Amino acid sequence: MTSALPHRAELPAPPPTSDDTALIRESLTDPDRFAGLFDRHADEIHRYAARRLNDVTTADDVTAETFLVAFRKRTRYDLTRSDARPWLYGIASKLISGHRRAEIRRLKALARQAPERAAEFEDRSAERLTAARLRPALAAALAGLGSAERDLLLLVAWADLTYEEAAQALGIPIGTVRSRLSRTRTKIRRSLESHA
Amino acid sequence: MNHDEIQLVAEIRPDAPPYEQEAKAAARRGLVAAARPKTVKAIWRRPYSMVLAGALAVAVGATAVTLARTPGAGPSGKAEEVVVTMPRIVNLSASEVLDRAAKAASRTDLAPRDDQFIKVESQTMYGSFGGGAVNGETGATSEETRYLYRTKRVIWQSADGTRDGALTIEYLKPKAYPGWPIPEQAYEDTGTAELPLPICGGKIPDYMRTDYASLKNLPSDADGMRAHLYTGDRGGGSKDGAAFTAAGDMLRETYMPPAQRAALFKAVGTIPGVGVIETAEDAAGRKGIGVGRAGLDGVRQDLIFDPKTYELLGERGIVVDEKAAKSPVGSLVASTAQLSVTVADEAPAFKDKNGTTSGCG
């Protein structure tokens, strides 16, 4: 059978209200401490990179590079933000968009995935059924988005960031998050309609 | 049919393969390696330096101070005596000295074109702090180490901040951090490293830029320059500490035209907590006027100015609080010298260790 859709319940719990600020502050005088940030968030960043890129090696590279870039930029980290994840996701997003081909391969693979048979959906929501059937069309719609739109949409849809966190990650105002997502929704809807 | 498109996209989220232990360990090692001494300079340049309340004005009894240039230090190689007349007051304030200093700032006048590079050669000695970190997996704390690492650096930076620069670091023999044994790792960095300095998207806010093109457009009056030092969020809990750090950043491995230099000398003297040392020695043995400020780390950082032209000769760090600094009072824990500042047409195109010239995020 094709890979099952992930259940929300299987997703890792968000990290405890850890204070990344303290770690980053300490790393200013003791750079070694920055490894603590890696220990906390590397799995999560890797998971996101692996979802967006088709090959694991590239996801490995993106994850390693994300933390190196973050380390170099740590003096400019906004120490009023206790959760460093949006910052790390923002760096990862930029790196991912530098791997356009691996990203497109991912979306093509997603589109090729055969729709599951209706019988196997008995215990699933109607919405999930619809999404599975629409998978090829949705993948095509994703591929057709601009990279800024795709970055934002996937931070919300695949990384579960809140609008506020996504705004921090991409360095854009929350108002821009709302308007960009709204525009993206419309684009996807049109794309799906044209596939129908 | 009224499905939310975002929810639909969330529903087709692909599975993620696990992060292989081997790849993860390699990434962590790479990060730890990057955090090693080569980057320790960040400690010295940290933007979050803390305030130490109270002025450090130096009592000066003499009416004149003779500042001698060490033979071999000047371009001519000849000893040169310079007399700077000091005001006849007991407590010499930094702003008074700097006001006089500003009148003298005029010698070198480089005028690089936008497509050229500022090339700066310097010698540095900074503290390297290691260990004391808690291992995320075992919970063990590693042994704390300290030593002074020394280098010769040559840096090429784009005059208008738009072109990739370059940096070579030649590692010199380390020295002991006063009160601490030299750890083995101090000898690991040897030879010469060649590093590209890519321009990454130009995301630095204007007020934090230190390229020649932006420095030459800064105010040429002290009030305007002081306002600049306090502009924007420069980090840290102390605006005064951040302003002093900003002044150092504008002078270190850069070239600032005489008019702005003069304004900056005046402005830095008005920062609360700043004091003057009439004779401070840089890493090349040249003596100049030290303008310094103590941090809560127990170390006073001095910017050392040429007594004649008031260009930056170098910097030094001296322990003023034994307990905070974990080193005896008077210990020299940082010392640098800017040996030359020139204009170059090109910067070497070094590759980073991945074989690419981009290291951008």
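The values are calculated or read from the model by the stated rules, or taken from the named source; none is laboratory data. Quick caveat: nothing in here was measured; it's all calculated off a predicted structure. When we count neighbours, we look across all protein chains shown, and the Cβ atoms used for this are built from the backbone with ideal geometry, even at glycine. What goes into the accessible areas is simple: the full protein's heavy atoms, side chains included, and nothing from ligands, DNA or RNA. Shrake-Rupley method; radii C 1.70, N 1.55, O 1.52, S 1.80 Å.
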Which whole number gives the average, over all residues in A:31-42, of C-beta atoms from other chains lying within 10 Å of the residue C-beta?
6
Expected unfolding gain across A:Thr29-A:Thr80 under the 0.36 nm per residue rule, minus the alpha-carbon gap, is 16.6 nm
Accessible surface of B:Val32 - all protein chains present, 1.4 Å probe, nearest 10 Å²:
50
B:Asp321, A:Asp151, ranked by accessible area, largest first (probe 1.4 Å)
B:Asp321, A:Asp151
Arrange the residues A:Lys73, A:Lys108 by how much accessible surface each exposes, largest first, with a 1.4 angstrom probe.
A:Lys108, A:Lys73
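Can you tell me the FRET efficiency between A:Asp160 and B:Ala324 if r is taken as the Cβ-Cβ distance and R0 is 35 Å, rounded to the nearest 0.05? Don't skip to the answer; put the middle values down first.
Values: r = 43 Å, r/R0 = 1.24.
E between A:Asp160 and B:Ala324, to the nearest 0.05, is 0.20.
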Under the rule rounded for a/c under 1.5, else prolate if a/b exceeds b/c, else oblate, using alpha carbon gyration tensor axes a ≥ b ≥ c, segment B:146-267 is classed as prolate
Where does each of A:Trp158, B:Trp156 land when they are ordered by accessible area, with a 1.4 Å probe and the largest first?
B:Trp156, A:Trp158
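Over all residues in B:16-27, what is the mean tally of Cβ atoms on other chains that come within 10 Å of each residue's Cβ? Can you show the working numbers first?
Numbers: counts 13, 7, 5, 12, 4, 0, 1, 9, 8, 0, 2, 11.
For peptide B:16-27, the averaged partner shielding equals 6.
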Classify segment B:212-343: rounded, prolate or oblate, from the alpha-carbon gyration tensor (a ≥ b ≥ c, eigenvalue square roots; a/c under 1.5 rounded; otherwise prolate if a/b is larger than b/c)?
oblate
Taking every other residue with Cβ under 15 Å from the Cβ of B:Asp114 and scoring Lys and Arg +1, Asp and Glu -1, one gets -2
So, taking all protein chains as they sit and a 1.4 Å probe, how much accessible area belongs to B:Tyr212, in Å² rounded to tens?
20
Neighbour net charge for A:Leu153 - beta-carbon separation under 15 angstrom, K R +1, D E -1:
+4
Which value, in Å² rounded to 10, gives the accessible area of B:Val320 with a 1.4 Å probe and all protein chains present?
70
